[in-house]
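What follows is a short report on a single structure.
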Amino acid sequence: MSIFVTREKYSRRNAFLFEKGDSCREHGDEESAVNFYNQSLNLVKCENDSWLEATLYSRLGTIYMYRDIYSAALEMFKLGASIYATIPPCVERTITLRNIGRVNLLQHQSDSIFCYYDQALEVAMQLSDEEFLFSLSLLAGCSRQSVTVNPYSSLPVLDITADYPEREIRLGRRG
């Protein structure tokens, strides 16, 4: 019984720290956000919550990316991505992979950019999140391709076969 109470106490404390970090980040207080996220990371390792641990690394990576601390951002994003790879696909994994590509783009490391964007596309395709998939496809350099409108959907059909010849992504509702 005391193990459950202790675990519940950690969970509530961790949720508070995570949300406090998000709140600080949203209000531009990045130093405090980093502090709260790091405190939460220390607790989450005791709880074995892979999604939260990966998300915390991704949040830290985002802060470092916007501060132009690219090596720290890449380290955090890669830690998050490696943890996300152990759990079922989620939007956060796609965002983390996209952000690794973005940091590589900012560092002019062209060899790695599309590798991570492609991985992000693969995860997004598994999630069937059409709007996110479309925006990610555009980021991956697909804006060079033609975009046509599916009359049965408010979303376009995006042919990315020139960049990714093995597939075409059709966005829109199935009828």
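The values are calculated or read from the model by the stated rules, or taken from the named source; none is laboratory data. Please read these numbers as outputs of a predicted model, since none were measured by experiment. Don't worry about glycine lacking a Cβ; one is built from the backbone with ideal geometry, like all the others, and counts go over all protein chains shown.
Numbers at a glance
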| item | result |
| --- | --- |
| Selected residue [at pLDDT below 70 and in a helix (DSSP H, G or I)] from Leu138, Leu121 | Leu138 |
| Residue within the range 97-107 that is of a type in the set (S, T, N, Q), closer than 27 Å to Met125 by Cβ, modelled with pLDDT under 95 and crowded, with 20+ Cβ neighbours inside 10 Å present | yes |
| Residues of the range 45-80 that turn out to be of a type in the set (A, V, I, L, M) and surrounded by fewer than 23 Cβ atoms within 10 Å (Cβ to Cβ), as a count | 7 |
| Filter result for Gly28 (part of a loop (DSSP other than H, G, I, E, B) and either farther than 30 Å from Ser112 by Cα or out of contact with any Pro (no Cβ under 8 Å at 6 or more places or on another chain) (or both)) | yes |
| Residue among Ala81, Ala54 that is in a helix (DSSP H, G or I), within 27 Å of Phe132 (Cβ to Cβ) and in contact with a Phe, Trp or Tyr (Cβ under 6 Å, 6 or more places away or on another chain) | Ala54 |
| Check on Ala85, farther than 16 Å from Asn14 by Cβ and either among the β-branched types (Val, Ile, Thr) or surrounded by fewer than 23 Cβ atoms within 10 Å (Cβ to Cβ) (or both) | yes |
| Number of the exception - Pro151 against (1) outside any loop (DSSP other than H, G, I, E, B); (2) at pLDDT below 80 | (1) |
| Qualifying residue in the range 57-64 (condition: at pLDDT 95 or above and of a type in the set (A, V, I, L, M, F, W, C)) | yes |
